[in-house]
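Read-outs throughout are calculated quantities, based only on the coordinates presented, and are distinct from any laboratory measurement. Keep in mind it's a predicted model, so treat the numbers as computed, not measured. No Cβ is skipped: glycine too gets one built from the backbone with ideal geometry, and neighbour counts run over all protein chains shown.
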Amino acid sequence: MPVPKAELHLHIEGTLEPELAFALAARNGVTLPYADTEELREAYRFEDLQSFLNLYYELMAVLRTERDFEDLANAYLARAAAQGVRHAEIFFDPQAHLARGVGMGTVVEGLWRALAASETTHGVSTRLILCFLRDESAESALETLDAAKPYLDRITGIGLDSAEVGHPPVKFRAVYEAAAALGLRRVAHAGEEGPPEYITEALDVLGVERVDHGLRCMEDPALVERLVRERIPLTLCPLSNVRLRTVDTLADHPLPAMLDAGLVCTVNSDDPAYFGGYAGDNFDAVRQTLGLTEERLRELARNSFTASFLEDDEERRARYLAEVENYRF
Ligand code: HPA
Ligand code: ZN
């Protein structure tokens, strides 16, 4: 049994496995520009974030109905549960669907069908986080938040993803202020490909409570000191960093140095269908390649629950944390 953990950095569209992509394409009469799953897998060689995003957005064409989103989420939750995920805070990218004529209601209600039943079906509690695409305009983000207003009882927070460089957090000040006024929790991708300044800006201008990736904080010792002092969790995604060439090899990943520095690190899968592994696979990879001790692995699992948005269910958080402490590696 793998160590119990929460997954805090997971794009549901990034869990679309080739087999499901072809099944949904057939169901919806969509033609993919790949002959079969093998040929599609050949396309999974990425140069950087953008080259991945191109395929990620292309394959979304197969997601059309509530049932598609429900099936996608159920497939993820089943795989995550098998790898020890007890709680998942799931990102979704509504703008990528709205642009294709798929409504906010279709996306949220479809995902919700799977999420509402997830504790019973998969033994996984869940939260939903709406992400804005940072390479779209600030106005589009505000319109998207508006379109989500009928569904806010199902949405815990907001995030910021897609192409980072050239799209600093400050661009989204207004929508983060509006979301805060609506009582939504705030996170943002920062310091994946973008500079450490974007991390500082996400904290100071957007008021984020967690930083997604945040890897490049290691270039700025004063920022590291601040993140440690303020106990800001970072949602790291080691296998993603290798596939998108943010690090050269997994052996070069700064996770051990980050833990030694006292940063509140968590380990997550990002887009597991594309990056070669789910949450447990990421734990196994860092354990084997980076030689993390059992106590370090326990710390990562503990951090995942302390950093999760479970303030409305502290009893559950305490139960999960007790499971971590009692776990035998
Ligand atoms: N980074 C930025 N945007 C994304 C990612 C990522 O790793 N995955 C899906 N959208
Ligand atoms: Zn991500």
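Counted by neighbouring Cβ atoms within 10 Å, the residues 158, 129 run from fewest to most as 129, 158.
About its Cα centre, the chain has a charge dipole of approximately 700 debye under the convention of +1 per Lys or Arg Cβ and -1 per Asp or Glu Cβ, with nothing else charged.
Here residue 231 and residue 31 are evaluated by their C-beta separation; at R0 = 45 Å the FRET efficiency comes out at 0.35. Does region 1-98 come out rounded, prolate or oblate, given a ≥ b ≥ c as the square roots of the eigenvalues of its C-alpha gyration tensor, rounded meaning a/c under 1.5 and, failing that, prolate meaning a/b above b/c? Judged from the Cα gyration tensor, region 1-98 comes out prolate (a/c at least 1.5, a/b above b/c).
Ranking request for peptides 284-293, 73-82: highest mean number of other beta-carbon atoms within 10 Å first, then the rest in descending order. Numbers along the way, then the final one.
Details: 284-293: 15.9, 73-82: 20.6.
Answer by packing, highest mean first, reads 73-82, 284-293.
Remark: region 1-97 carries a charge dipole of roughly 340 debye about the Cα centre, counting +1 on each Lys and Arg Cβ and -1 on each Asp and Glu Cβ.
Each semi-axis of the equivalent ellipsoid for the chain is √(5λ) with λ an eigenvalue of the Cα gyration tensor; in descending order they amount to 27, 23, 21 Å. Ranking of 97, 122 by neighbouring Cβ atoms within 10 Å, starting from the fewest: 97, 122. Comparing mean-square fluctuations of 162, 137, 269 from a GNM of the chain with C-alpha springs under 10 Å, the top value falls on 137. When peptides 147-156, 9-18 are ranked by their average number of other Cβ atoms within 10 Å per residue, the highest-first order is 9-18, 147-156.
A full extension of the chain between residue 182 and residue 100 corresponds to an added length of 26.8 nm, given 0.36 nm per residue minus the alpha carbon distance.
Under 1.5 on a/c is rounded, so check that first for region 160-207, then, if it is not, pick prolate when a/b is larger than b/c and oblate when it is not; a ≥ b ≥ c are the square roots of the alpha carbon gyration tensor eigenvalues. Prolate is the answer for region 160-207, as a/c is 1.5 or above and a/b outweighs b/c.
Among 233-246, 54-67, 299-312, how do they line up by average Cβ neighbours within 10 Å per residue, starting with the highest? Let's see the in-between values first.
Values: 233-246: 23.3, 54-67: 17.9, 299-312: 20.7.
Ranking the peptides 233-246, 54-67, 299-312 by packing returns 233-246, 299-312, 54-67.
Ranking 202, 116, 96 by Cα position along the charge dipole of the chain, where only Lys, Arg, Asp and Glu carry charges on their C-beta atoms, puts 116 farthest toward the positive end.
A convex hull fitted to the Cα coordinates of region 172-329 yields 121 cubic angstrom per residue. When all alpha-carbon pairs of region 124-250 are counted, what percent fall beyond 17 Å? Beyond 17 Å sits 56 percent of the P(r) for region 124-250.
Rounded to the nearest 0.05, what FRET efficiency is calculated for residue 149 and residue 117 with R0 set to 25 Å and r the Cβ-Cβ distance? Don't skip to the end; give the middle numbers.
Numbers: r = 25 Å, r/R0 = 0.98.
With a Förster radius of 25 Å, E is 0.55.
With only Lys, Arg, Asp and Glu charged, each at its Cβ (+1 for the first two, -1 for the last two), find how big the charge dipole of region 157-280 is about the Cα centre; round to the nearest 20 debye. Present the calculation step by step, with values, prior to reporting the outcome.
On the way: 11 positive and 19 negative charges, 69 e Å.
In debye, rounded to 20, region 157-280 gives about 320.
In percent, rounded to a whole number, the relative contact order of the chain is 20, using alpha-carbon pairs under 8 Å and six or more apart.
Ranking 125, 263, 145 by Cα position along the charge dipole of the chain, where only Lys, Arg, Asp and Glu carry charges on their C-beta atoms, puts 125 farthest toward the positive end.
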